[in-house]
Amino acid sequence: MPLPKVAFHNPPLRARPPSYGYDDGFAVRFTDDEVWACYADGKWREISLTEAVCKCGELTEHAYLEQFGHRHLPPLPDAAFCSGWRSPLI
């Protein structure tokens with residue numbers, strides 16, 4: 001079976017950066033594959049996609065920065081979004 005054309009794309013296609021959200025006032029970052037939430041203890045934890053769909057609301061980048069920009073959120077852990085995107089905060 002031949003490889004898709006994107007397999008030979010130069011430069012390689014990058015994964016879409018994570019989107020922004022909230023869960024009961026806590027910060028959430030997500031992609032189509034994984035979701036990370038930063039809770040009151042200041043630690044990022046991976047949560048299930050099902051939990052995110054049921055509990056989390058989506059925000060624009062501007063709204064996310066307005067709501068969480070004044071808080072000093074810790075950088076995402078090294079394990080976050082290993083699909084090719086890296087946070088500039090790491």
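The values are calculated or read from the model by the stated rules, or taken from the named source; none is laboratory data. Since this is a predicted model, take the numbers as computed values, not measurements. Using ideal geometry, Cβ is built from the backbone for each residue, glycine included, and neighbour counts are taken over all protein chains shown.
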- Filter region 31-44 down to the residues that are among the aromatic types (F, W, Y) and at pLDDT 90 or above, then identify the one that is nearest to the chain's Cα centre (by Cα). W36
- Note on the structure: L65: passes all of (1) free of Cβ contacts under 8 Å to residues at least 12 places away in the same chain; (2) more than 17 Å from P17 (Cα to Cα); (3) not in a loop (DSSP other than H, G, I, E, B) but (2)
